[in-house]
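All remarks here apply to the structure that follows.
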Amino acid sequence: MCIRDSINAEYMGTVLTDRSQGGGVIQPGNIEIMIHRRLLADDARGCKEPLNEKDYDGKGLRERVRHFIVPDETTETPKIFRVEQFWLDQTLDMNFLSSQKTEVEPREVSLGDALKLTELPDLVKLYVTLEEEGSFLVRFHNMDDLNTKSFPPPDFFKAFQSVQETSLSANQLKSEMLARKLSWNQAISNQTVSNAGFTVLRNESSSIDNVTLRPLEIRTFRLSNPSKRST
């Protein structure tokens, strides 16, 4: 969430959170964020019961959150808060496993291993979701709000028999989505404006030979290999 200096528009302040939270600018120059809501009595706002969730120890539920205040300039390319957000979203989780084995057994290279070796341009995030047995959803997200990123598909794409680009929600192929896209005309100040003039702002390419991401764009691909089990 950002606020900008009303006197000097080049300066702005951003609050980054480590999870989804509601917030707003209720008064000029002030950012309010709702960390937790706890009530001991019904406030007649729909729940019809007190919002008094308790933790494991019987005390009121406590939220342990982190907030990062990032001063920035609107002229920065890319914005500092975009860089901070990129790394904040990818913090490392440490996991430990006890074992009596002294030697590591060899194993086949899995998709997870291939992802670790994947190199992407700066500020491009990679999301991988297991959709079903032998099928994955792969999303590339350009978090740079000013620059377009272009790069060849990662090598792990070659391990799958089928690679198809889909809509963002992955409920249809991108080619089908573009075929169903509505054409509209709108009258503005006695002029007819068509959506054809705005296609330059959309990435309608379905080419997989090269992945191009416009600023803040997300592209989704379905990778399937029915003959192999996912690892």
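Okay, here's what the table says:
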item: Per-residue SASA entry for ILE80, accessible area with 1.4 Å probe, Å² rounded to 10; result: 70 Å²
item: Segment TYR127-ARG38, length gained on full extension (0.36 nm per residue, minus Cα span); result: 28.7 nm
item: Projected label distance in nm at ASN30 and ASP5, using a 7 Å step from Cα toward the beta-carbon; result: 2.2 nm
item: Cα-projected label distance for LEU51 with ARG139, points at 7 Å along beta-carbon direction, nm; result: 2.6 nm
item: For segment 1-69, accessible area per residue (1.4 Å probe, heavy atoms of protein chains only), Å²; result: 80 Å²
item: Across LYS149/LYS174; LYS79/LYS158; LYS79/LYS149, pairs whose alpha-carbon gap is larger than 27 Å; result: LYS79/LYS158
item: Length gained when the stretch ASP93-GLN161 is fully extended (0.36 nm per residue, less Cα-Cα span); result: 21.3 nm
item: Accessible-area order (highest first, 1.4 angstrom probe) of the listed residues LYS79, LYS59; result: LYS59, LYS79
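The values are calculated or read from the model by the stated rules, or taken from the named source; none is laboratory data. Since this is a predicted model, take the numbers as computed values, not measurements. Because the Cβ atoms are built from the backbone with ideal geometry, glycine has one as well, and the counts that use them run over all protein chains shown. These accessible areas exclude ligands, DNA and RNA; they are computed on the full protein's heavy atoms, side chains included. Shrake-Rupley method; radii C 1.70, N 1.55, O 1.52, S 1.80 Å.
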